Structure formats: C-alpha cells, structure tokens
1. Order the peptides B:124-133, A:166-175, A:326-335, A:183-192 from the highest to the lowest mean number of other Cβ atoms within 10 Å of their residues.
2. With a point put 7 Å past each Cα toward its Cβ, work out how far B:L67 is from A:L188 in nm, to one decimal.
3. Please give the solvent-accessible surface of B:D71 in Å², to the nearest 10, using a probe radius of 1.4 Å with every protein chain present.
4. Sorting B:D159, B:D69 by accessible area (1.4 Å probe), largest first, what list results?
5. How would B:Y162, B:Y308 rank on accessible area, largest to smallest, probe 1.4 Å?
6. Per 0.36 nm of contour for each residue apart, how much would the distance between A:I13 and A:W93 grow if the chain were fully extended, relative to their Cα-Cα spacing?
7. If you average the alpha carbon positions of the stretch B:26-82 and of the stretch B:273-301, how far apart do those two centres end up, in angstrom?
8. What number comes out for the charge environment of A:T112, summing +1 per Lys or Arg and -1 per Asp or Glu over other residues with Cβ under 14 Å away?
Amino acid sequence: MADMPMQQPPGRIILPPHRERARRPFSVRAREWVRRNLFPSTGGTLLTIAAAVVLGLLLIGVLWFVFIDANWRIITVNRWLLFAGGFPREEAWRLWVGMGFVFLLIGLTYGTWSSFGRRDHLFVAVSGVFVVFIMAHGGTAIWSSVWFLLAVGVMYLAYALTARIPRELGPIRTLQQRVVGGLLIASLPLALVILLSGGASVRQLDGFVLNLVLAPVGIVGGLVIGIPLAIGRASTMKTISWTCTAYIEVVRGAPLLGWLFVALFILDDVIGGELIVRAMVVMAVFTAAYMAESIRGALQALPRGQFEAAHAVGLSRMQALRLIIMPQALRISIPPIVGQAIAIWKDTTLVTIILPLRELKGNADSAIAQREFIDDRIEAYIFVAVVFWAVAFMMSRISQRIERTLGVGER
Amino acid sequence: MSAAAPPEPAPVPLIHRRSFRNFATQGVYVAITALAFAYVFVSLDLREFGFTFLGEPAGFAVGSQWLVDVDGVTNSRLTMYLVGVWASIRAVLVAIVLSTILGVIVGVARLSNNWLVSQLAMLFVEIFRNTPLLVQIVLVYAVFLVGMPLIQDVINVGDFFYLSNRGVAMPWPVPSGGLWGLPHWFAGVWVLVLLAIGAVAMLIRARRQEQERETGIPMNANRRAFTIFTIGAVISYLVLGGPVAIDAPIIEGTKYAEGMVINPEFAALVVGLTLYTGSFIAEIVRAGIQALPRGQSEAANAVGLSNYQRLTLVILPQALRQIIPSVTNQFLNVNKNSSLAYAVLYDDLFRVATVVQNKAGHALEMFFVIIITYMIISFIISVIMNFFNARVTVHEV
C-alpha cells in the first residue's frame, strides 16, 4: 500500500492478469464463473443437472418434513426434559447463570484471540431463532428465551470490551491474556460450583446439561492425564515408556462402551462413588489415551535439535520440556486435540446406552416412550442430531480459526 | 551415556548423576504403579475368577443369525458369544467396504471442478462428521420402524426386492441339486473350481503384464483374464448342472422367507457406520489428493489422459500412500464403533457379552473376553492393511 505510485498519470493502469480479470464488470465475471464451474462441457453440464436434481429433491424433502410432515410438539412439550431432565426446577436459575458464564467465556476468548466474522454472527442469529422458537412455542417459557438472549448479550458485551484492547504486545495485553486464560482454565470447576453448590446433587445432572458437563470433564481430564502419558511414552526410561505405551494401547484396544461397562460393573468395587462420577473418570481415562497419541505425534515431529539446543544453553530436562518442547508440541497438536474434543463431545451420547444415565439422546428416548409421541421418534432424533451438530460444527470452526491464527506468525 | 567423559577433577555427587537419577525415578515410579495395581487387585473380588461359566448352557437366544443355527438350550454361552462375534465381523466387513467406496467418491467429488458437486460433497461431510454416530444409527433405525410401510403394504420391486419395516429382502444364491440332482455340497465344489480358475486367470494376467512390460506390445492382460474367468465359470456351472440357484425372496404372512433378509437392526448399524466413516474417509481422501503437487495433475492433462484416467492412473495411486495409514485408523474405529449395535439391539459381540454378564455375572472375565476379541479383530485389520500399504509403497522408486 505504501509504495502505491501516487504520481501515476491519469488513465488506465495495467494490472497483472488475475487482477485485470477482476476489473471486468460483475455480470461478465459472473457469467464466466458459471460457465467454468457449472457448464464447462457436455459431461460437466449433465453432472451439474444431476447434482441440481439431487440438491432440489433433498431441499424439497427437508422442507416438506420440517414444515408439513413433522410433529415438533414432541420437542416443545418435552423441552425441559431434553434440556435438564431431573435437574431440580427450583435450582434452574443456576443453569441460566452457568449458560451466561459459558457465553461470557466465549465472548472473552473471541475478543482476546480471534474476532467474530459474518458467519459467526449468522450462526448466533440462527441458533438464537432456533432456541427462541422452541421456548416460545407453548407460551409459558418466555423467561427462558429472555435468559438465553441475555446470555447472548453478555457474550457480545464481553467481546466488545475485550476486542477494544489493542493486540500489540504490552503489559495490558499480557494481563488480558493471563486473566482470560486463567478464567478458561478455572472455568470447569467454576461451572461445576455454579451448578452444584446449592440443592442439586451431581446425580441430578441430566439431559443436555449432562452432555455439557461430561464433554469438558472428558476433554480437560483427558489432557491432564494425556500430556504426562505422551511425555512418558517418549521417555528414555524403559519402565516408564513401556507402561505408558501399554496404557495407551490397552485403552485404545476396547471401545468406549467397553470401558463404560467397566464403570458400571467393575469400578464400583475399586473406586465406588456415584455412577456418574465413575462415568466421568472413564471418559477422562479413555480420552487421555487418544490425546496422548495426538501429542506424541507432535513430539515426534519436533526436530531433535530443539531438545539438544535447550540442553546446550543449560536448561534442565524439566525446564526444556516446560519451556521449549511442550509449547511447540501442543501448538502442533491443536488440530488433532480439537478433533478428539469433537469426538468426545459426540461420544457423550454413549453413556445412555448401557449406563442408567440419561443425557440428551437418552431423554429423547424417554420422550418417544410417551404414549402421545410414539410415532415421532424421527423428529426427536433429528432434533438431537441438530443440537450436537451445532456444537461440533462450532468447535471445528474455532479449531480452523486457531490453526490459521497460530500458523501466521510462527512459520 | 558418558562413556568418553574426560577425567573429572572431583566425582559428581551420587544424587546429581543422571544414571542414579534415572534409576531412582524408575524405582519410585514402579513402586507407585505396583501399589496402584495392588490396590485394584485387592479391591476386586477375585474368589470366583475363572472362565468355566462360559461352557454352561446359554439360556438365552440371539437374533441376527446367518449361516449358523443356535439355540439357548443346547448351545453354550461361549458358542453364543462366537455367534455374536460373527455378527460383528459381518457388520464391520460390509461397513468397511461400503464406507471406503462412499468415502472415495465423496472425497473426489469434494475436489470436483463442478461447484455444485463439490458443495454437495462438502454438505455431506459436514453433516455426517459432526453428528454422533449413535444418533445416526438410531435415526436410520427410526426411519425403518416409522418411515417404512408395514409388511402388508410392502414396497415390491419386480418380486425381487422388498422393502418394509421388517427390513430389506433380496435374492441370494443358494446351493441346489441342479440338473443332475447332485448333493448340495457340490455348490462348494463349484466354488473351489471357481477359485482355481480365478488363480489360473490371475497367473495368465501376470504373465501377460510381464510380456507387455518387456516388449511394449499391448497384451490386454485384464480383458484376457476376465474372459478366461467368465468362460471357465459358465462352463463349470453347466457341467455341474447348475449347483447354485438364485433364491428370490417371498412373503409368507407377515414375514419374509427365502432369499437374503437384511433386518432393520443390521441395516441401521451398517448404514450408520458407512455414512459416519464415509465422511471421515472422504476428508482423508481429499487431504491425500491435495497433498500431491499440482504438477501431477497438469502433467496428466499434458500427456492427454482423460479425467477418469488422470484420477485412476496418476492421482489416486500416489495419494494412496498418504491415505492408507489414516484409512486403516478409520477401519479400526469401525471395528470399535460396531459396539454401538447395542443401541438397536443387534446381537453383536458386545451385546451378547453383556447378556452373558447379565445372566452369569463375571463382569471382569467378560470384559477381558471383550477387549481381547476387539484387539484380535483390530490386529487382523492392521495386518491386512499393512499388506496393502507395503504393496503401495513398493512402487515408490
């Protein structure tokens, strides 16, 4: 921009070909784009027509189902069951505060390390309409909509406040990063305190709230156990690397359902406690093996010279690990770690299968079991799928965003 | 570690020596691990530990039998479990094949020059990758239960295919006496003959390919092998008087009979696994192709290959090197994810195991059996895929 020739004589500036193409009128460009991307040849045209037919049929089918065929009353009538199930009603405000807390964190995180794009606003708007539609249907739950919109407001407020702070490194920026990072690390225990410090017991976590608790427990617990496991597997000390390898391979040998079977029948004798806590332990232990494998890949990808250089400047092994190796390895392994996080998010549905725990899918099963809605199981499961999809999709978008942000400055 | 250390002025204190520190660390580590194991060992009730309960009569029935016939009275729990293993293997095999086909098609479509096609492929991937497999399986099952007609109003395609809420029925080859009224095991003889002819055809193909490489004269190896196999198959079929007949399904009352019946449970499991895994394989295929230098594509265009030739002769063979390891991982996931059969009550190994545990207790033993079975199947999948991987990498010059 700076060396833009200011004293260019008036008239046509010749640009490189691709820029030159971009200067032609929109209608010409649009026509060319359509021709190149949709009707390049006879075969290509046929393909386009076939795809258009498929897409059209899909669209008609979806619209017909959503607006004409489906009976969404199963969702609106059972919204509390699906959302929080057995969570005590008089403690419901804790859920709203917890939701506000989560939205606050999202706003702070975006404001500190990223920025809302047009698609993010669209996503928020669509999910807002979705939630308000479900809540407003039937009329009595106006307040839930208000709470939800308030939480969204908190998110935007937090975002607006943090996004103001300039990104240049400085004491304020460092403080901001420390505070938000600290809040993120402390968020899980804080959220649990918000939910459970009153009359509700851990056993009453139910419905979608249970998914929302189980997944972070699995992810955070998986990282806390998985990072030492990955380091241990790469260790030169044989007993440590062997046992870590054995742990990882044995855990990955059986499906999560198998380990939940252990939680139900075997762990009772070993650690006891509430079933839901045992399920959380199993989720963390299970995720740890996969997290460790993701991080191990990153550790192997680091050049050996990093460790040797750290040694050469006189760092101890622990210091080298903490200051040189792990920061790099963790950054490389962000995509697979988020992949694992999405996997564990989807896997929280599994606690319903053999454990008597009812998360969102399990409560959808209870809704179907009601006499009135016996024929509406497709609607119920599609609702569950959409809810899980939205969260998983958001996670994968954040992951792409982080990858891009981290990739720019460092390579 | 410090073999060539120069003579040191003063000996390093023991506590600062790396060898001693490693030794001490491992000692402490082993002690803690052993204590943890001991604690688990003590807290478990192992007085009745043993596997003899697997030999007792089952006392329950399993559905989803195919080519086997077991009942809960005479057959042991172990037999029932093996029937479950067989059910799992069937589902995993079908799902692996279908998801690979689907994944390759969608992955290639994702990179299509045709905007609409690539958007459709992306839509598919984003939908099925980001929803729980469990929900996909129960959704397909729900579509069968609620969306399909009752068997009285079955969808009938030319008396060959039937579709209803009892599942899909289709024609299937079965042994028959044939023209000469031979015993049914002659169908097996025919299969052996087919295998032999196939082996001969492969040998001829290999020799012709060798000749083509040496002389440069096109030998049409594939076509020749195919012709030989087809002629051999037809002739042997006629000589044996038709040892295999196609058995078309029929409807008896409210049930399918004859033919091959795919029940809704199996269909839901396989379709769910296929869609879910297919979306992951599509992403792997896309990444594998994108990792190739653009020049490969351009060179293929320059020497005048068609789009299809470019894909099958130039792009996919090279991309396979990167694709196969990741796809192997997905296949291992299919194996483990097949345990979700439990949600639609398909009697796979995991479900049968839980039923056994329900009847007889012995949760710990059953868990050992489960995990070892999954590991064995995973091991077999890895061995086969490593074989393919080795074949693919051999081509690298």
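The values are calculated or read from the model by the stated rules, or taken from the named source; none is laboratory data. Note that the coordinates shown come from a computational prediction; the quantities given were computed from them, not determined experimentally. Glycine gets a Cβ as well: all are built from the backbone with ideal geometry, and neighbour counts include every protein chain shown. Just so you know, the surface numbers come from the protein's heavy atoms only, side chains and all, with ligands and any DNA or RNA stripped out. Shrake-Rupley method; radii C 1.70, N 1.55, O 1.52, S 1.80 Å.
1. Working: B:124-133: 21.5, A:166-175: 10.1, A:326-335: 17.0, A:183-192: 14.2.
My ranking of the peptides, most packed first, is B:124-133, A:326-335, A:183-192, A:166-175.
2. Distance between the two pseudo-spin positions: 4.6 nm.
3. Spelled out: B:D71, probe radius 1.4 Å, area about 60 Å².
4. B:D69, B:D159
5. On the way: B:Y162 20, B:Y308 165 Å².
Descending accessible area places them as B:Y308, B:Y162.
6. Numbers: separation 80, 0.36 × 80 = 28.80 nm, distance 6.36 nm.
Extra length from A:I13 to A:W93 when fully extended: 22.4 nm.
7. 42 Å
8. On the way: positive: A:R164, A:R167, A:R173, A:R178, A:R401; negative: A:E168.
That sum, taken over residues with Cβ under 14 Å, equals +4.
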